[in-house]
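What follows is a set of notes on a single structure, which appears directly below.
The values are calculated or read from the model by the stated rules, or taken from the named source; none is laboratory data. Bear in mind that the values here come from a model prediction, so they are computed numbers and not experimental data. Cβ atoms come from the backbone with ideal geometry, glycine included; neighbour counts cover every protein chain shown. Surface areas here come from the heavy atoms of the whole protein model, side chains and all, with no ligands, DNA or RNA. Shrake-Rupley method; radii C 1.70, N 1.55, O 1.52, S 1.80 Å.
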Amino acid sequence: MAAREIVGYVRVEFNPDQGLRALRTIKPFMPGDVVVRQRPLVQCKFDSNEERLMAVMTSEAKKRFAFATAFSDKQIQERGFIADPETVAPLLANLRLLLSSPIQPADAASILSRWMAVGHISQTCFYDMASMLHHSCAATVEFTHDEISNMGVITARAEIARQTWIGSWMLDDAGSWWKGANIRSAALRRAGVLVHDCNCQRCMGDDTCRGIRCPGCQRHRKMVRWAAAFALTCSLATCTAACLAAWRRLIRVAQNPDRLDVMQWNGTLKCWRCPVCEISPEDEAVEAVLKDEAKLIAEFSKLEYFRAEHLQECLSRVEVSLGLQHWLAPEILAEIYRRQVKAEGGVNFTAALASLRLGEWFLSRKLSVPPQQLIERLTIMIFSTMQFLQEHMSGVRDLRCIYCRTVRMVRMLLKIIDSNLISRFKPFAATAQNIWRTCSYCHSLLPEIQLKHEHWQNVEHWEKEEREAQKEQEEEE
């Protein structure tokens, strides 16, 4: 059965944050759902400017009008996609005999400018609606061109709510995905995808990948110790004000254990925020930390030049200066894993530890679905680590506990990056289940009925527990 066009599930609207027309959903989508399926408005056979000019000039008048009105001249100028008429003139000399009517260099430059504007989608196909898909660091959708049906297809990669701006990851370097918003914006400008900072939904929120240990919280802890010592030597009335201020903040710290001591950049407010203390962005301590961050980023920009034994020292420096919530930590952990696997010809204990720490960092940052290139790298890493632990845990009690904890972490990780990998994950989950069933005294397997309420019974029970825990957390908040 031939695939039909699907274009009614999104609208082309002006996005005030991005400053251009973009796609917005009018219904919710689940991962794998087709959001848009559309035939090209104009299509050329080869990736060349002559072919692009010929494809537009030889198309129907209705299609030429739709092509010209897809992007206004103002949008083309603001995004920097401007073709020079002087460079277009030599192309027209070659096409003069093939075109039925002459074309001016300015008109040809206008046509090529519009092709440049959709170059991030396709170099040979111009779509009426799919070409309005722009970059988004959240990467909620993915665009592909189906050669069989000759249609461009936009597919949902995560749950998408109604009235949501959608976009795809359009950088070749998938490693920039888990870096800070400022690093991603610089990479997008260098690649020519954007001419300004990225203003997608992810970049406009809290930059969880750029978490830095908050200097205000460090001062607060000192203040709590000072207030406690002051209370022992002074009367209650004298130290009431100081103690109350300190203990109020201490209570806020206790209510946010997962976000303790971490300040993050907020793209909407354009300032640093800490969920615990009320640190000022103009604080001298904040400026000092940011200088340390810039220094470390510049120093560790080429990790492949560092010796393998020095990478652990680099990680320790990041932990002391910025904290392990910063994106430099997974960058170094990934390099440690790569070096160890390359040197040993497979996973060893050092590589396994780096892999586990990277997975825990990913879960702690509560990120969206990464680009497909990064998913493939993470998949190879986590399954190789589980295979290594499974082969080396026989008779080692502590390693069995680590294996069970790894299985639980990987299960949550797969739910985020690709739920289709659950079938590949089930044998490892079964091994973990048998570990929980094994009697520590006689080493016999206990009946399965005793594990009705254990974590390793089945995937459905795990998901139910997570939903209940999430619901309780929302009620508490």
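Give me the lysines in straight-line cross-link reach of Lys74: C-alpha distance below 24 Å, same-chain residues under 8 apart excluded.
Filter leaves Lys62, Lys63.
Using each residue's phi in the stretch 286-292, evaluate 6.51 cos²θ - 1.76 cosθ + 1.60 at θ = phi - 60° and report the 3J(HN,Hα) Karplus result to the nearest Hz, with x for Gly and Pro.
5, 4, 5, 5, 5, 5, 5
If I compute solvent accessible area with a 1.4 Å probe over the protein chains, what percent of it on the stretch 309-394 is carbon and sulfur?
52 percent
How much length, in nm to one decimal, is gained on full extension between Asn434 and Lys302, taken as 0.36 nm per residue of separation minus their Cα-Cα distance?
Length gained between Asn434 and Lys302: 43.1 nm.
Tell me, what ³J(HN,Hα) does each residue in the stretch 161-168 have, in order and in whole Hz, if you take phi through Karplus 6.51 cos²θ - 1.76 cosθ + 1.60 with θ = phi - 60° and put x for Gly and Pro?
Ordered by residue, 3J(HN,Hα) equals 7, 5, 6, 10, 6, 10, x, 10 Hz.
Leaving out ligands and nucleic acids, and using a 1.4 Å probe, what accessible area per residue does the stretch 265-336 come to in Å²?
Counting only protein heavy atoms, the per-residue value for the stretch 265-336 is 52 Å².
Provide the net charge surrounding Lys45, with neighbours chosen by a C-beta distance below 14 Å and charges set as Lys +1, Arg +1, Asp -1, Glu -1.
Counting the neighbours of Lys45, the net charge comes to -3.
May I ask you to list the lysines whose Cα is less than 20 Å away from that of Lys366, ignoring any residue fewer than eight positions away on the same chain?
List returned: Lys179, Lys415, Lys464, Lys471.
Across all directions of projection, what mean area in square nanometres is found for the Cα convex hull of the stretch 1-91?
Directional mean of the projected Cα hull area for the stretch 1-91 stands at 8.9 nm².
Once Rh is set to the Kirkwood radius over Cα pairs, what Stokes-Einstein translational diffusion coefficient, in µm²/s, holds for the stretch 379-426 at a temperature of 10 °C and a viscosity of 1.306 mPa s?
143 µm²/s
Quick one: if you stick a label point 7 Å off each Cα along the C-beta vector at Ser59 and Ile402, how many nm between them?
5.8 nm
Which residues among the stretch 338-359 fall inside the zone where the amide N is under 19 Å from a point 7 Å beyond the Cα of Ser394, along Cα→Cβ?
Label zone hits: 347-349.
With all protein chains present, how much of the accessible area of the stretch 103-164 (probe radius 1.4 Å) comes from carbon and sulfur, to the nearest whole percent?
In the stretch 103-164, the share of accessible area belonging to carbon and sulfur is 49 percent.
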